[in-house]
1. ³J(HN,Hα) across region 50-58 via Karplus (A = 6.51, B = -1.76, C = 1.60, θ = phi - 60°), whole Hz, x for Gly/Pro?
2. According to the square roots a ≥ b ≥ c of the eigenvalues of the Cα gyration tensor, what is the shape class of region 22-128, taking rounded for a/c under 1.5, prolate for a/b larger than b/c otherwise, and oblate for the remainder?
3. Quick one: putting +1 on the C-beta of Lys and Arg, -1 on the C-beta of Asp and Glu, what dipole do you get for region 66-116 around its Cα centre, in Debye to the nearest 20?
4. I want the local charge near ALA66. Using Cβ-Cβ distances under 12 Å, sum +1 for each Lys or Arg and -1 for each Asp or Glu among the other residues.
5. To the nearest 20 Debye, how big is the dipole of region 22-128 about its Cα centre, given +1 on the beta carbon of each Lys and Arg and -1 on that of each Asp and Glu?
6. Order these by the 10 Å Cβ neighbour count, fewest first: ASP43, ASP69.
7. Less than 13 Å Cβ to Cβ from LYS91, Lys/Arg counted +1 and Asp/Glu -1: what total charge do the surrounding residues give?
Amino acid sequence: MAADDGFWSRGSELQPYTDEPAWYFFYGTLMNPDVLKSVLGLDTEPVLRSAKVYGYELTNWGQYRALVDGEPEMEVTGCAYKVRSAEEEFKLAYYETNAYIPAPCRIYFTDDGPAESGEENGTLGKVLK
């Protein structure tokens, strides 16, 4: 596939990094509050919300479970946690090594926690896959 006509003339200005909280969906060991607390170095118990994502499925990857792309109607249940800083994101990346990469997803909360803006259509977040 060739680049479009304006590709080379467009500026290459990088988007600034925004250190804003983001929801992360977890489906494995990070669903355990004690594990997440240790990984992030938190002083208090992390607030996890029951949640699900669509379009993925779990598969075995050695001794671990891995999230892979699935059919649109496929559902994976797990938990969501609001990552509050770049430092927390870096700690998650370090814990997961380079075996997983963050990918955008839409998270649907399944608990009675506080409503997020536009929650009925899911909340934009990230998943490690």
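1. 5, 7, 8, 10, 10, x, 10, 8, 9
2. Note, shape of region 22-128 comes out oblate.
3. Working: 4 positive and 11 negative charges, 51 e Å.
Dipole of region 66-116, to the nearest 20 debye: 240 debye.
4. Values: positive: ARG65, LYS129; negative: GLU57, ASP69, GLU96.
Neighbourhood net charge equals -1.
5. On the way: 9 positive and 17 negative charges, 54 e Å.
Magnitude of the dipole: close to 260 debye.
6. Working: ASP43 6, ASP69 11.
Sorted ascending by nearby Cβ count, the order is ASP43, ASP69.
7. Details: positive: LYS37, ARG84; negative: GLU87, GLU88, GLU89, GLU96.
In short, -2.
Throughout, read-outs are computed from the coordinates displayed, never taken from laboratory work. Note that the coordinates shown come from a computational prediction; the quantities given were computed from them, not determined experimentally. Because the Cβ atoms are built from the backbone with ideal geometry, glycine has one as well, and the counts that use them run over all protein chains shown.
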